[in-house]
Amino acid sequence: MKTYHLSVVVATGLVGQEIVRLLQSRRFPAESISLYSSDRSVGRRVAVNQRELVISQTSPEAFRDRDLVFFAAGAEVARYWVPLAVQYGAVVIDASEAFRAEPDVPLVVPEVNPQDILNHKGVIANPNCSTIQLALLLHPLDKVNPIKNVVVCTYQSVSGYGVAAVDELARQTRMVLDGQTPAPHVFPHQIAFNVLPEVDVFMDNGYTREEWKLSEETRRVLHANNMIISATCARVPVNVGHCQAIHIEFVSSINTDDARRILSGAPGVRVTDDPSVSLYPQPWSVAGTNDVTVGRIRQDTRTPTSLALWAVADNLRKGTALNAIQIAEEGLKRGVI
Ligand SMILES: NC(=O)c1ccc[n+]([C@@H]2O[C@H](COP(=O)([O-])OP(=O)(O)OC[C@H]3O[C@@H](n4cnc5c(N)ncnc54)[C@H](OP(=O)(O)O)[C@@H]3O)[C@@H](O)[C@H]2O)c1
């Protein structure tokens, strides 16, 4: 079997760490794995495939003679380094939003639009975590009964904002339980025991960038320019796992049994749906798993052509790291990496 030289830039954040874990557990055909970070984490040691790897500072060395580079840094870091990595001949899979809107950069959920990988020119973008979750569910339904419009409300965990946000929730929770009032550092308000209808920055039209990204990216992944998607995104005091309440209107009527059957057969989707025993997806039980889990599948009271669903996914797995690795696996299979 052919093996590949890989870098992970950066390997110290929540997504980078998950990529390193999944490369091992999925037995990705790696000849070598090199790990990078900012100067803050240089020298840290990480066990990978029974060997101890030392984290180096991100530099052009990260890209020399590499087949594949996973970028799990912020957008600014990606904008700075990704063009150089491509110049060095590596294929980059980027988790940030830096290149997602660029027309010559494929935006890929492998279960939905794997063929788009074939058009890459060195960079393949991982969609936003909420987009991956939504697109994976809409795609199998849309193939059977075209979707006219979607209304989605998200309840997003703090890990979606990175390691500092997870620390902030833990610190604030302890302080509130101790009777203190915590000052917010990462989010605009206290996140412990609270819900914030503000994920990413507000735009002039009153929506946030997260809501805009969820609509635009989902349309792009599905190749569904005319699908109307309206989103409200909220941050909730949960560590891992994004929830979505999704209301979908189709061109023609659809019953819940058919929807359940279609979703049960869709790759990457798990149906967990028995209200009689309070069985439905929850972040607590979905965190650490690979599928987008869906339940509460019911007729939407708006019209007979509408459905309502509740879906949960691990934002660090299918929402980011797993999807990135699946893109790489698909690229290897199709001979474009
Ligand atoms: N978390 C999610 O659920 C999720 C979902 C979808 C997409 N993403 C995207 O994935 C990327 C990583 O997210 P994350 O959640 O892993 O963030 P994170 O936990 O905050 O980690 C980001 C890492 O970037 C490193 N860093 C900061 N400045 C740097 C620099 N100048 N050069 C090199 N490294 C630098 C830091 O590592 P050191 O301080 O150790 O150097 C930090 O650990 C982001 O673009 C994010 O938008 C995340």
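The values are calculated or read from the model by the stated rules, or taken from the named source; none is laboratory data. Please read all numbers here as calculations on a predicted model, not as lab measurements. So basically every Cβ, Gly included, is an ideal-geometry build from the backbone, and we count neighbours across all protein chains shown. Ligands, DNA and RNA are stripped out before the accessible areas are found, and what is left, the full protein with its side chains, is counted by its heavy atoms. Shrake-Rupley method; radii C 1.70, N 1.55, O 1.52, S 1.80 Å.
Sparse packing (at most 13 other Cβ atoms within 10 Å of the Cβ) combined with a DSSP loop state is found for the following chymotrypsin sites (Phe, Trp or Tyr not before Pro) in the stretch 176-262: F193. Averaging Cα coordinates gives a centre for the stretch 209-243 and one for the stretch 307-337; these two points are 16 Å apart. Element breakdown for the chain at a 1.4 angstrom probe: carbon and sulfur atoms account for 51% of the accessible area.
Per-residue ellipticity at 222 nm from helix content only, as computed over the chain with -39500 (n - 2.57) for each DSSP H run of at least four residues, stands at -8500 deg cm²/dmol. Efficiency by 1/(1 + (r/R0)^6): what FRET value for K333 and D178, r their Cβ-Cβ distance, R0 = 56 Å, to the nearest 0.05? Step by step, r from the Cβ atoms, then E = 0.60. Residue-normalised convex hull volume from the C-alpha trace of the stretch 149-234: 94 Å³ per residue. The mean accessible area for residues of the chain, using a 1.4 Å probe and ignoring ligands and nucleic acids, is 45 Å² per residue.
On the basis of the beta-carbon distance and an R0 of 22 Å, E76 and V163 show a calculated FRET efficiency of 0.85. Does anything in the stretch 128-158 have its amide N under 12 Å from the 7 Å Cα→Cβ label point of V195, and if so which residues? Within reach of a label on V195: 153-156.
Taking Cβ atoms as reference points and 12 Å as the exclusive limit, the residues near P140 contribute a net charge of 0, counting Lys and Arg as +1 and Asp and Glu as -1.
Non-local lysine pairs in the chain, meaning eight or more places apart or on different chains, with alpha-carbon distances under 28 Å, amount to 13. The Cα center of the stretch 286-303 and the Cα center of the stretch 79-128 differ in position by 29 Å. Averaging the Cα positions of each part gives two centres, and for the stretch 143-184 and the stretch 34-56 these lie 29 Å apart. Calculated FRET efficiency, S38 to A170, Cβ-Cβ distance, R0 = 25 Å: about 0.65 to the nearest 0.05. Each of Q57 and D104 was given a label point 7 Å from its Cα along the Cα-to-Cβ line. The distance between the two points is 3.3 nm.
The calculated Kirkwood hydrodynamic radius for the stretch 236-337 is 14.9 Å, given to one decimal from all distinct C-alpha pairs. An ellipsoid equivalent to the stretch 131-315, defined through the eigenvalues of its Cα gyration tensor, has semi-axes of 31, 19, 13 Å when rounded to whole angstrom and sorted largest first.
The value obtained for the chain, namely the Cα convex hull volume divided by the number of residues, is 157 Å³ per residue.
For S96, neighbours were defined as the other residues whose beta-carbon sits under 11 Å from its Cβ, and their charges (Lys and Arg +1, Asp and Glu -1) total -1.
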